[in-house]
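Shown next, in structure tokens, is the structure this report addresses.
The values are calculated or read from the model by the stated rules, or taken from the named source; none is laboratory data. Bear in mind that the values here come from a model prediction, so they are computed numbers and not experimental data. FYI the Cβ positions are ideal-geometry reconstructions off the backbone, even for glycines, and counts take in every protein chain you see. Note: areas computed on protein heavy atoms with side chains; ligands, DNA, RNA excluded. Shrake-Rupley method; radii C 1.70, N 1.55, O 1.52, S 1.80 Å.
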Amino acid sequence: FEVSPPEATADNMAARSAVIVALALQGASAFLTRGGPSPRALRARSAGRMAAKMQVSPSPMAQNVMDFSKDDPYAFTACILGDLHIDPRYMEDYYSGREHFEKIIEEDKAKGIPVGVCSLGDLGESKAVEPNTSELFAGTTRCHEAAAEYLGSFGVPYEVVGGNHDLEGIDEFATDEENLAVYLKCHNKETPQFCRQIAEKTLLVGLGSTVFRDAKYTSHEVTVDDAQIAWFEELVESHPAAEGWRVIVFTHAPPMGAGLRVLQKNHVVNGCCWLNHSSGDITKKYIELVRKHRCIKAWFSGHFHLGQDYEDSITFPAGNNRGSCVFVQTAVMRSGTTRDGRQQSRLLRGTENGFEVLSVNHAKGGEVRLDATITYTSDNEETAVAAHPSEDYDHEQFFSAYTPSDDDGCEIEYDQGTILEDAGADNVVCWWKLKCGRVLGVHEGMVVEYDESTLAPLGLVVAKDELAGRKVAVVDSGLDAECFMSEEVGMEGADCVDQDLMEQAVILYDDEGRVTVVQPNEDGSYWRKIVRNKMIRMKEVRREKAAKAFMKSNFGKEEVDLVSSWGPYVTTSGTAKNTGVQGLTLKK
């Protein structure tokens with residue numbers, strides 16, 4: 001791309017004049033002062049440097065470029081809002097939350113500092129909130145119009161990324177494409193992603209979810225499409241840290257590998273915790289880009305409705321193979337949407353030398369707390385981090401999903417055989433590596449799979465109902481194990497085909513001789529994709545209702561023992577609860 005030089009505006013002409021005057025004064029003063037530059041010359045030199053900074057470096061990929069601060073072109077303020085879930089019946093918290101930010105916005109605007117608002121998505125309540133209708137509010141035209149009106153009322157430009165509920169207008173729109181088009185129109189967006197240059201060499205970048213009806217598994221997975229991912233990769237490659245670029249990223253859910261442990265258990269077991277959670281190699285793409293491109297300085301996400309008072313709600317890069325990126329969890333504004341009582345938003349303040357991450361506490365009248373200070377090194381390749389803990393931090397106040405670490409003392413080292421005597425007992429926390437590289441663990445009476453590279457939780461393998469009272473064994477089953485020869489004609493030796501030296505069997509058993517072999521999926525993973533697309537589940541529920549109506553109208557049966565039968569799934573529930581099958585893996 002070619003970038004045209006700045007127009008010859010009055011400000012630019014003044015800046016150029018300042019440079020000329022500064023150079024002239026500096027030369028004259030140095031000539032007249034034997035001992036070196038005079039104080040007047042030093043002041044002129046400083047003025048020259050500041051005037052030179054005023055030359056804007058616009059990014060060719062920026063969709064919007066804001067007016068930079070004259071005192072520090074790198075200075076900016078971003079007001080970051082977590083999941084809004086706007087409910088027109090309960091707007092009080094939104095109005096007071098806006099007032100808390102308005103004070104900050106007006107103060108910074110008076111100083112000439114550019115200010116923007118960024119919403120992390122999930123804009124409307126996923127319930128029927130209007131009279132005389134059972135239609136969900138989230139994702140509808142009315143929802144996005146209300147959200148646009150609210151976000152636009154802050155008096156500064158706003159950006160938004162799509163969350164997992166923002167295309168949920170399933171009664172109004174037949175397809176994701178139709179729903180997405182209205183979302184973009186209401187928020188005056190050309191694309192689901194955004195790139196706003198808010199300050200010199202500083203980009204605010206967002207990626208949004210574009211799938212709901214067409215989700216392969218749960219509709220509440222935050223799915224960024226391939227076109228956005230390719231665009232993002234091009235952006236970070238063309239804005240290197242070596243040239244001074246700083247990229248701040250916003251997504252509804254965090255990327256796998258962020259290290260955030262303030263997670264909701266339901267997001268983990270349902271496979272909708274991370275960006276593109278069920279997409280295999282794509283799931284790891286984001287952290288790989290973070291590790292490769294040190295221009296990515298911070299990444300903000302929401303999704304979990306949990307507060308900002310926990311130690312693991314911010315993670316830092318030093319020694320954690322996370323490039324130069326600070327990952328930041330963002331809470332919610334409205335009391336009716338919080339899962340732990342916290343009502344908080346984030347504030348980001350940038351300067352030439354780094355940035356600060358702060359919390360805005362809406363439950364305490366908009367009280368602002370400094371959480372972390374990040375300072376850039378001279379070459380802008382690494383970041384130095386100084387965390388500012390608060391007395392409000394209390395990691396035991398709310399359960400967070402367990403994430404293993406190499407030094408946590410919970411890893412089981414084994415040869416083969418029984419590794420857990422009572423895996424379903426309370427307070428059992430452990431994990432182990434299989435020879436194939438997969439990582440499994442037990443937490444809260446469940447077997448969970450973890451990513452082998454980042455040790456981030458992937459999903460549920462065995463639920464409490466099936467693990468209770470069972471032991472866990474891991475035994476070799478590859479070529480070094482006994483190979484049983486089939487006697488079936490034409491199948492001789494078939495049991496030895498494709499055996500792997502790294503192959504093992506994960507076994508659940510009890511003293512009564514009940515044995516379950518936990519088979520991996522076709523791709524080698526173990527976590528179960530139990531929850532399907534919401535549109536499919538709604539059709540299944542309608543069929544069950546039709547069956548009940550049939551039995552009532554034809555046989556007068558008010559209550560029937562109804563069971564759905566299909567594939568590997570055992571429930572129409574949108575939450576993964578059980579993995580056991582009565583009469584097969586469970587006692588009758």
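Here are the numbers:
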read-out	value
Carbon plus sulfur fraction of accessible area for the stretch 303-355, probe 1.4 Å, in percent	36
Beta bridges by DSSP in the stretch 162-317, antiparallel share as percent, to the nearest 5	35
Relative contact order of the stretch 166-261, pairs being alpha-carbon contacts under 8 Å that are 6 or more residues apart, as %	26
Highest-first arrangement of 191-197, 540-546, where packing means the average Cβ count within 10 Å	191-197, 540-546
Alpha-carbon centroid distance for the pair the stretch 157-217 / the stretch 316-355, whole angstrom	21
Residues listed by number, the stretch 131-145, amide nitrogen under 13 Å from R542 label point at 7 Å toward C-beta	none
Highest average packing first - 97-104, 210-217, 119-126, Cβ atoms within 10 Å	119-126, 210-217, 97-104
For the stretch 58-169: accessible area per residue (Å², 1.4 Å)	37
Cα gyration tensor, the stretch 165-322 - rounded (a/c under 1.5), prolate or oblate	oblate
Length added when fully stretched, T575-K552, from 0.36 nm per residue minus Cα-Cα	5.4 nm
Nitroxide proxy distance, nm - points 7 Å out along Cα→Cβ at S238 and T191	0.9
Of K292/K435; K297/K529; K433/K529; K216/K464, pairs whose Cα-Cα distance is over 24 Å	K292/K435; K297/K529; K216/K464
Computed lengthening from S335 to D422, 0.36 nm per intervening residue step minus Cα-Cα distance	27.3 nm
Ratio of the Cα radius of gyration of the stretch 137-247 to 2.2 N^0.38 Å, where N counts its residues	1.17
Hits among lysines - C-alpha to C-alpha of K557 under 23 Å, sequence gap 8 or more where chains match	K539, K545, K548
Accessible area of the stretch 123-277 belonging to carbon and sulfur atoms, whole % at 1.4 Å probe	48
Hypothetical label at M61: residues of the stretch 214-234 whose amide nitrogen lies under 18 Å (7 Å Cα-Cβ projection)	224-234
Ranked packing of 451-459, 425-433, most packed first, by mean Cβ within 10 Å	451-459, 425-433
Shape category assigned to the stretch 262-353 from the gyration tensor of Cα positions, a/c cut at 1.5	oblate
Per-pair calculated FRET efficiency, R0 = 41 Å: T375 and S405 via Cβ, rounded to 0.05	0.95
Normalised per residue, the volume of the convex hull around the Cα set of the stretch 73-164 (Å³)	85
